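Novice: My questions all concern the structure below.
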């Protein structure tokens, strides 16, 4: 255990207090000595553990899992979970800054990373959900929803006082929490927006954002009932401002991955800073993750960027990967590097302004905090397909990619419906190779390395021939 904690950036002074808590949580999660040994091997294989920022970031994810499992024992009076709930982390930060007796977290990300990417033990959680109502096989349900249902049904996480989701990304998530309410007597809330946009409105999203902001205010009122105090507009604005430095640290790391040749860090690391960016912290608690990410970037800058070193050869084929990397399995991103393909970015939600993840509010910055929170609806995932195509095309041009790995999350009807159109438009407008693969963004069981290796080798040759 101590060797694992050292590997994950824990300090010696933390061992006395943290080891008993981690052993208790790991025991509940079924993580054995053999799993710990496998976890150390996987960490050293898939991640740059020589970087202290990487080690400490992984340690923070481990702590988040432990804190969630033990939240009731730690004396938290109210627990609120977000499930596929963009913007929820801001309200969570507002609440946690007001009271340290309340525990709020986006429930699946860190469990997928720690149980899946680190220990390779996410499958029993998914199977538990499939024993309920979320199916496997040719008609898939999303592994993200299965993660929550599996954790809850196995009693591995405390039952929350409120479960929150949104329909802006997934039409199955609201149905899932409805069933959780019926079966487990959990109070729930789903916030949403109107999806009947037309391409002629792009990039203007004012109508949709206005509706979404109204729905988010409804969520805020519901959370007030649970936590017992008012969530004022000023509190929300302060939380957004406090999270600004964390968001900038994430963007700096992502930009360094996108802009450098040779590739300076494996895309397996994207999942780490994605986890850290979606968690809820108190304002004072934001200092640690921000410092960790800044340390990670500084180490990469000093040891690689300045010296021109990378993990691949300069001039390796550059690709954009559609959909984020698998949340519980680093093998595909690792395989891309093994084959000499530089995945410089994945679609974690690009915005329409020059294909950037940031939105420029200098000219018309909204003053309502909930409208500010709702700007995420301009991202590629939540756009109609014609607008999503326009954003992705712009991203491909900006990044100067040689090809696109067009993986589609088979359990998501929204993303699957866009896939053929997206591939055809990339080929038509840019003339670059596009590899289309079936994908499950949260389930490692769909991964077939032998088949994928062959297809990626052909894909790489197609990119080299076009050059």
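Each reported figure results from applying straightforward, stated rules to the coordinates on display, with no laboratory input. Worth saying up front: this structure is predicted, and the values here are computed from it rather than measured. Backbone-built Cβ (ideal geometry, glycine too); neighbour counts: all protein chains shown.
Novice: Working out 0.36 nm times the residue gap between residue 397 and residue 448, then minus their Cα-Cα distance, what length gain in nm do you get to one decimal?
Specialist: 15.3 nm
Novice: Using packing as a proxy for protection, rank 337-344, 68-75, 56-63 so that the peptide with the highest average count of other Cβ atoms within 10 Å comes first.
Specialist: 56-63, 337-344, 68-75
Novice: Points 7 angstrom from Cα along the Cβ direction at residue 19 and residue 73: gap in nanometres?
Specialist: With each label placed 7 Å out from Cα toward Cβ, I get 1.6 nm.
Novice: Whole-Å semi-axes of the range 228-323's equivalent ellipsoid, largest first, each the root of 5 times a Cα gyration tensor eigenvalue?
Specialist: So the equivalent ellipsoid measures 33, 14, 10 Å along its semi-axes.
Novice: For residue 307 paired with residue 52, estimate the spin-label separation in nm (one decimal), with each label point 7 Å from Cα along the Cα-to-Cβ line.
Specialist: Roughly 1.7 nm, to one decimal.
Novice: Quick check: residue separation of residue 416 and residue 3 times 0.36 nm, minus the Cα distance between them. What number comes out in nm?
Specialist: 144.4 nm
Novice: Cα gyration tensor of the range 1-149, axes a ≥ b ≥ c as square roots of the eigenvalues: rounded (a/c below 1.5), prolate (a/b > b/c) or oblate?
Specialist: oblate
Novice: For the range 234-329, calculate the relative contact order in percent as a whole number, restricting contacts to Cα pairs under 8 Å that are 6 or more residues apart.
Specialist: Once divided by the residue count of the range 234-329, the mean separation gives 41 percent.
Novice: Per 0.36 nm of contour for each residue apart, how much would the distance between residue 230 and residue 99 grow if the chain were fully extended, relative to their Cα-Cα spacing?
Specialist: 46.0 nm
Novice: Let me ask another. Show me the ranking of peptides 178-187, 78-87 by mean Cβ neighbours inside 10 Å, starting with the highest.
Specialist: 78-87, 178-187
Novice: Would you please classify the overall shape of the range 316-467 from the alpha carbon gyration tensor, given that a ≥ b ≥ c denote the square roots of the eigenvalues, rounded means a/c under 1.5, and beyond that prolate means a/b larger than b/c while oblate covers the rest?
Specialist: Cα axes put the range 316-467 in the prolate bin.
Novice: As a test of the formula, what do you get for the chain when each DSSP H run with n ≥ 4 contributes -39,500 (n - 2.57) and the sum is divided by the residue count, at 222 nm and rounded to the nearest 500 deg cm²/dmol?
Specialist: Taking each H run of at least 4 residues, the total per residue is -15500 deg cm²/dmol.
Novice: Okay, next question. Calculate the spin-label point distance for residue 461 paired with residue 38, positioning each point 7 Å from the Cα along the beta-carbon direction, and give it in nanometres.
Specialist: Taking the two extended label points, one gets 3.5 nm.
Novice: Continuing with this model, one more query. Given an 8 Å cut-off on Cα distances and at least 6 residues of separation, report the relative contact order of the chain as a percent.
Specialist: 17 percent
Novice: What shape does the chain have by the C-alpha gyration tensor, where a ≥ b ≥ c are the square roots of the eigenvalues, rounded means a/c under 1.5, and otherwise prolate means a/b greater than b/c and oblate the rest?
Specialist: rounded
Novice: In whole angstrom, how far apart do the alpha carbon centroids of the range 214-235 and the range 105-175 sit?
Specialist: Between the Cα centre of the range 214-235 and that of the range 105-175, the gap is 26 Å.
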